[in-house]
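Taking it in order: structure first as structure tokens, then the write-up.
The values are calculated or read from the model by the stated rules, or taken from the named source; none is laboratory data. These numbers were taken from a predicted model, which means no experiment stands behind them. Because the Cβ atoms are built from the backbone with ideal geometry, glycine has one as well, and the counts that use them run over all protein chains shown.
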Amino acid sequence: MVKYPAIFLVLLLLIGAVPTIESGKLGQTESHEARGRSTGVDVAVSSINFSYTTPSDAEKYQMFSSNFPIPGFDRPNILYVIDAVVDVPIQVDITVENLGTAPSGNIDIHILVLHNEYSQFELENRSVMLGSLNGGNSNTIADVFTPTYSGNHTLIISATPTITDDNPQNNQVNRAFTVANWYFNCDNLAGWTAGAEWGLSSDTGLSFGSSCHVGNGQFSTYSNNAATGLITPVMDMSDAVDNPLRTNGLSFFYTGSTQSNDVLKIQVKTAFGGWYDLQSISGTIDADFVDGQSYQTFTVNHAGAISPLIPVPQEHYHAQTQFRFFFESDSSNTDIGFYLDEMVFVYDQKVRAEEFALSTTGISTSGSVPGQWGNIRVELTNDGNISDFFIPSVSGLPSNWNVYYTNLNGVSIHQDTGILLSPGQTKSIDINIQPDVNASVGFEQMTFTATSSQHSTVNSSLPMQFQVVPDRVPFVVKPESPPSCPPGNSCPFTVEVQNIGSATDVFELMIDSSALPSGWDVNFAWTQESKTLVRPDTPAYIDFMMTVPLDALPDSKYSFSLSANSENMSSRSHTQNIDISASMISDAAVDALPVERNKNWLIGAGETVSVEFTIWNNASRQDIFAISLDTSDFGQWIVDGVPEIHAVINSQSTSTFKIDVTAPSNAQAGDRGPDLSPRITSIRSGMVFNSNVFDELVVETVSDLELRVISKPSKLFPGVPCLVELEIENNGNGPVSADLSSLTLPDSWTWWMSTNNVNTTGPFSLSAPYDAQDIVDIEIWIVLPSSERSGEVHSLSFSVSNSEGYEDVNPVDNRVEFDTVTGSVRIPQILAYMNETSASVGGTKSVNVTVKNIGNAADDLYNVMASVSVSPPSDDFIAFMSVGNSGNSIELGVDHIFNMEAGQEMPVFVDVLIPDTVPINTRIVITFEVRAGVDEELRPYQLSHDILILVDEKRAMEVQFEGGENQTFVTGNAVPLWINMTSTSSVSETLLLTIEKPEEWQTVCQGILTNATAQEIQFSVGHITEQNTDVFCELHRLGGDLSGTVNVKVQSLDGELAWSEKRGFSFTQSPTDGFSMNMELVASSFALVLFLSILFTLLVIKRKRRTVDYSVEENTQDTVIVHQESVSGPPISATPVHKSEPASSDKTQEISFHNPPELPASGLPPGWTIEQWNYYGHQYLQSKK
């Protein structure tokens, strides 16, 4: 055998349903509904551990207790028998964990220990407070209490945070809690009886290093044929429960060794002094302690659980209980014997008498007649700490009286089992008592006692008294006012007879009229018998007839006696003297005055009116009248208000009273009220006077319309008629016209009403309810505008009213209201602002449309596509598509999907680049297509729009700039320049020519000085035949820089066409003066010869026209040059321009400066010199024409 120091050998079947083992498993038993709102708090009891409060207690009891671990003692943590020892303080350590995420707030830890053998017997009920736990944290709190009862109990630990727990199911833990009654460590055998070879041994031990040993030590052996025992002291265990639910018994650890046929018996002493075998052990556990000790305990399956406890039958728990460990050996072979330690005894103790208490209180009493049942109600309260059955009893009950007990619900209480009361519970019971049939009337004293079924010394007594009530007691009631009769008449009257006993009886009636004077008489009415049955709760009215002689004086009064005797109880009777009198002769009348009858007696359904009547006393003396009312069959009409007090009226006086009449709530218009006929009866004379019938009451019209909803749409779809079905019912009392209206329908909505498929605006005619046409069905059609947003909730209400203005008696049902929601509608739209436009060859053209979602809900499948077609076909076109304002190009000819919010608009552009090669009248068609939304057939809407671009215009020009290339010119000499312009546009063009040059340089084009204002050159249509113009210009340097750049610009009037070219020019200084004079001389000579040669020509020209056109005539067709006005002087000199064109042979006109024009009256133009005037004066004047 392998041995380990301080380790015991466990031969248990670990471990099934052992009470102590089960107690180590935390069980959650409560179930609660989860809260509606999460707080983030989830408190749970995660562990429960026990420990003794002092080291000495721990040393004594820890080996078989649930505290774990045990230093130096290696046993499984689930192998234990008890959690605590009776009357020894024990500490419970409770670990609480917050499995949630939020702080828990303070936590109330409730500790409850219940005795398993009793219902709701609380051994401990205490609470401790644990501070707040953050989410994910835990904490342990300790509490100490002292068990006062041994046995098998239940421990309930619950943790309740101040903040609502999200998961209360894990807040409570239930576990077993076992308490030992007696624990022995084998360290002292005082009080024990030890036989031969029994004693304490230090060879081995657990808690205190010693054990109870049979034998002679580990190095010796016990004797052969031994029969010896170790007996415990006497233990009073008479308080053991009779039939415990769990195992009651003992256990211990043992080791050592015996040979075959040698055995140690565990026995208990019976109540008769014998020994009863409980268990036995034999064999070898550990025969050598040098290398350590091995211990063993028991495995017993009992009472539904496996535990180390050896069961002890309950009959062996008594006041002289002892246990014996009896060892026997045979004659062969011996061994070291057995060592026992850690003996523990467990049994369930009965509840002690001090735990029981009871109080009783009287509640009510109800007596009875002899032979009948009455009851006394008492209240019992369990003031003890444990549930108990309390046995009821009554002492002092007279002979031949009966008693039994019942709950308040009538269920009988068995006198042997009694009434079950939980601690603190109060219950009322009835003590039912039947007096003897001959019991005397009065109170009987007795005592009620309730006694504990477990401890007869626990009881509560309550003195009480029971009343025997009288019964069958006749009583004649004297009339409040004496019956009277006019002299010379016989008049009826009645007398009331009561039974003031408790049982129904027949009373015999007798009249004694001996005290009446002559001529006066009283007898039973001919319909009245002398015997009458009278019930206790129902008096009898006896009819009499009295006769008054003619000579009797009014108001004279005499008496007779009436006796009533019980037929069943002859001893019970009653006699009453009754006065009768002679009355006066009355003269009276009653009626409604004419002014009362002539009032408006219309009455509404359910209304009350009062009709006043007048009583006249025409007699010569005061009279007293009783008022009654005769009416026709008034059905559901209510007639009330008849005075119960008699009217006392003096002679020749009047009195009034009112009758209240209430019409039925369902009265119909025009119904007549009941006929009223008051009747007065003179109390003094008995004479009766009747009124004329009052029949003036008529029901007025009552309006009571009801409006109901038959059907209503859950959604309203813009643009779609939606149906609301209403029903109007006339609950009034006559036919009525009804108006239907609504104040909740917005003005932007369209709605109309119809009945029987015919549109109407009302009012609606309804019959009275009894004519079966009092209900009309109305269809209301509502159409919402497309601007209504999807998902918007609308509260719609409709109300009905009386067309004739009657106020409804029940306006609550005149109005209906319901909520509906705007449905989702998705409808696309294309907004186009053009169908056709034009463009130019070589230009660009942009066209666009706007797409829109005119529904009320977003459309995330809004497909947009644009395509381009050209006729005649051409591959040179370039087109771009874009949406919105981003300018980003997207592909043509394919669908593009967009998300369009309700009412959202989005522009769609197509830009076309038209090539220069396209012919005029080319047709370009741009097609925009939209596919989006859903129609009534759940198909998408498909929309398209075409825009035609007609290429009906061409704008083109060519410009050539010639002259002055790579040359240097002499200052003072003109530099000739040619600007050739050609137009091929399909429209007339106006081109603007401007020349930019350095300062103090000048240009003259077509004889006109150029400046910042451009010269205009006009062209006719040139797309069929080109239009061209050659413009001759001269460049002059008057001063400034010798070299510079000349920028020639040509553009159309609208800026559509533009051209420019820059060219550099250089000049040299003029020659010296001498050289200049020689040159001038030569020039003058040459000019003189030239002048003579052309003089004749000039004279011929002057005859033909007075004005000389110095402009250069071009060979262009229909070209007109409009010269601008010069604002600065011309150059000093100029060379005549000669231009020849292949297509024409126009002559160039030469101008001589020797024939200058006359100066204007205003002198030279600003900035001009005389030399300039001599050269260019003619041109200046020509430009002014």
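So which of Val951, Val1021, Val1031, Val1004 ends up being surrounded by fewer than 19 Cβ atoms within 10 Å (Cβ to Cβ), of a type in the set (A, V, I, L, M, F, W, C) and either out of contact with any His (no Cβ under 9 Å at 6 or more places or on another chain) or in a strand (DSSP E or B) (or both)?
From the options Val951, Val1021, Val1031, Val1004, the qualifying one is Val1021.
Based on what the data block shows, is Arg826 surrounded by fewer than 18 Cβ atoms within 10 Å (Cβ to Cβ), in contact (Cβ under 8 Å) with a residue 60 or more places away in the chain and not polar (S, T, N, Q)? In short, no. Applying the condition of being more than 22 Å from Thr527 (Cα to Cα) and among the hydroxyl-bearing types (Ser, Thr, Tyr) to the range 471-503 and asking which residue is farthest from the chain's Cα centre (by Cα) yields Ser481. Restricting attention to the range 371-386, the residues that are out of contact with any Lys or Arg (no Cβ under 7 Å at 6 or more places or on another chain), of a type outside the set (Val, Ile, Thr) and buried (at least 18 other Cβ atoms within 10 Å of the Cβ) total 5.
Within the range 711-726, can you find the residues that are crowded, with 16+ Cβ neighbours inside 10 Å and either within 24 Å of Pro811 (Cα to Cα) or touching a Pro at 6+ places or on another chain (Cβ under 7 Å) (or both)? Once the filter is applied, which keeps residues that are crowded, with 16+ Cβ neighbours inside 10 Å and either within 24 Å of Pro811 (Cα to Cα) or touching a Pro at 6+ places or on another chain (Cβ under 7 Å) (or both), the range 711-726 yields Lys712, Pro718, Cys722, Val724, Leu726. Does the range 802-832 hold any residues that are over 36 Å from the mean Cα position of the chain (by Cα) and of a type in the set (S, T, N, Q), and which are they? Result: Asn802, Ser803, Gln829. The numbered conditions (1) surrounded by fewer than 20 Cβ atoms within 10 Å (Cβ to Cβ); (2) touching a residue at least 24 places away in the same chain (Cβ under 8 Å); (3) touching a Ser or Thr at 6+ places or on another chain (Cβ under 6 Å) are all true for Val693 except (2). The single residue among Val1100, Val1112, Val1082 that is at pLDDT below 85 and part of a loop (DSSP other than H, G, I, E, B) turns out to be Val1112. Could you list, in sequence order, the residues of the range 905-925 that are in a loop (DSSP other than H, G, I, E, B) and crowded, with 16+ Cβ neighbours inside 10 Å? Ile914, Val918 - these are the residues of the range 905-925 that are in a loop (DSSP other than H, G, I, E, B) and crowded, with 16+ Cβ neighbours inside 10 Å.
Beta carbons closer than 7 Å, at least 6 apart along the sequence or on distinct chains, never pair a first residue in the range 66-90 that is under 20 Å from Gly292 (Cα atoms) and without any contact (Cβ under 8 Å) to a residue 24 or more places away in the chain with a second that is hydrophobic (A, V, I, L, M, F, W, C) and surrounded by fewer than 18 Cβ atoms within 10 Å (Cβ to Cβ).
A count restricted to the range 336-357 and to residues that are in contact with a Phe, Trp or Tyr (Cβ under 8 Å, 6 or more places away or on another chain) and either under 26 Å from Asn188 (Cβ atoms) or among the β-branched types (Val, Ile, Thr) (or both) stands at 13. None of Ala564, Ala589 is surrounded by 14 or more Cβ atoms within 10 Å (Cβ to Cβ), of a type in the set (A, V, I, L, M, F, W, C) and over 21 Å from Ser651 (Cβ atoms) except Ala564. The single residue among Ser790, Ser799, Ser786, Ser874 that is touching a strand residue (DSSP E or B) at 6+ places or on another chain (Cβ under 8 Å) and in a strand (DSSP E or B) turns out to be Ser799. Scanning the range 249-287 for residues that are surrounded by 15 or more Cβ atoms within 10 Å (Cβ to Cβ) and charged (D, E, K, R) yields Asp262, Lys265, Lys269, Asp286. Looking across the range 571-625 at every residue that is in a strand (DSSP E or B) and of a type in the set (D, E, K, R), the one that is nearest to Ser518 (Cα to Cα) is identified as Asp579.
Of everything in the range 941-962 that is over 30 Å from Ser871 (Cβ atoms) and touching a residue at least 40 places away in the same chain (Cβ under 8 Å), the residue that is farthest from the chain's Cα centre (by Cα) is Phe961. Taking the range 849-880 as the range and being buried (at least 17 other Cβ atoms within 10 Å of the Cβ), within 24 Å of Gly903 (Cβ to Cβ) and either small (Gly, Ala, Ser) or more than 47 Å from the chain's Cα centre (by Cα) (or both) as the test, the residues that pass are Val849, Gly855, Ala857, Ala866. A Cβ distance below 9 Å, combined with a sequence gap of six or more or placement on separate chains, defines the contacts here; from the range 906-932, residues that are under 30 Å from Ala858 (Cα atoms) reach residues that are outside any strand (DSSP E or B) and among the polar types (S, T, N, Q) in the pairs Pro907/Asn885. Among the strands (runs of 3 or more DSSP E) confined to the range 117-196, the ones with at least 1 residues that are in contact with a strand residue (DSSP E or B) (Cβ under 6 Å, 6 or more places away or on another chain), within 22 Å of Gln91 (Cβ to Cβ) and among the aromatic types (Phe, Trp, Tyr) are located at 138-145, 172-180, 182-184.
Here the condition is being out of contact with any Pro (no Cβ under 9 Å at 6 or more places or on another chain) and within 17 Å of Met687 (Cα to Cα); of Asp660, Asp630, Asp623, it holds for Asp623 alone. Taking the range 352-407, which residues are within 14 Å of Asp430 (Cα to Cα) and of a type in the set (Val, Ile, Thr)? Those that are within 14 Å of Asp430 (Cα to Cα) and of a type in the set (Val, Ile, Thr): Thr360, Thr361, Ile363, Thr365, Ile376, Val378, Ile391, Val394, Val403, Thr406. The single residue among Leu943, Leu892 that is in a loop (DSSP other than H, G, I, E, B) and among the aliphatic types (A, V, I, L, M) turns out to be Leu892.
Taken across the range 410-417, residues that are surrounded by fewer than 14 Cβ atoms within 10 Å (Cβ to Cβ), assigned to a strand (DSSP E or B) and within 57 Å of the chain's Cα centre (by Cα) do occur, with at least one present. For the range 752-792, the candidate set comprises residues that are among the acidic types (Asp, Glu) and under 23 Å from Gly855 (Cα atoms); within that set, the residue that is surrounded by the most Cβ atoms within 10 Å (Cβ to Cβ) is Glu788. Pairing residues of the range 699-710 that are in contact (Cβ under 8 Å) with a residue 60 or more places away in the chain and crowded, with 22+ Cβ neighbours inside 10 Å with residues that are part of a strand (DSSP E or B) and among the polar types (S, T, N, Q), at Cβ distances under 9 Å and at least 6 apart in sequence or on separate chains, gives Ser703/Asn730; Ser703/Ser801; Ser703/Asn802; Asp704/Asn730; Leu705/Asn730; Leu705/Ser801; Leu705/Asn802.
Entry remark, the range 1035-1045: residues being buried (at least 22 other Cβ atoms within 10 Å of the Cβ) and either among the polar types (S, T, N, Q) or within 30 Å of Ser983 (Cβ to Cβ) (or both) number 2 in total.
The single condition from (1) assigned by TED's automatic domain parsing to the domain that holds Lys658; (2) charged (D, E, K, R); (3) in a loop (DSSP other than H, G, I, E, B) that Asp555 fails is (1).
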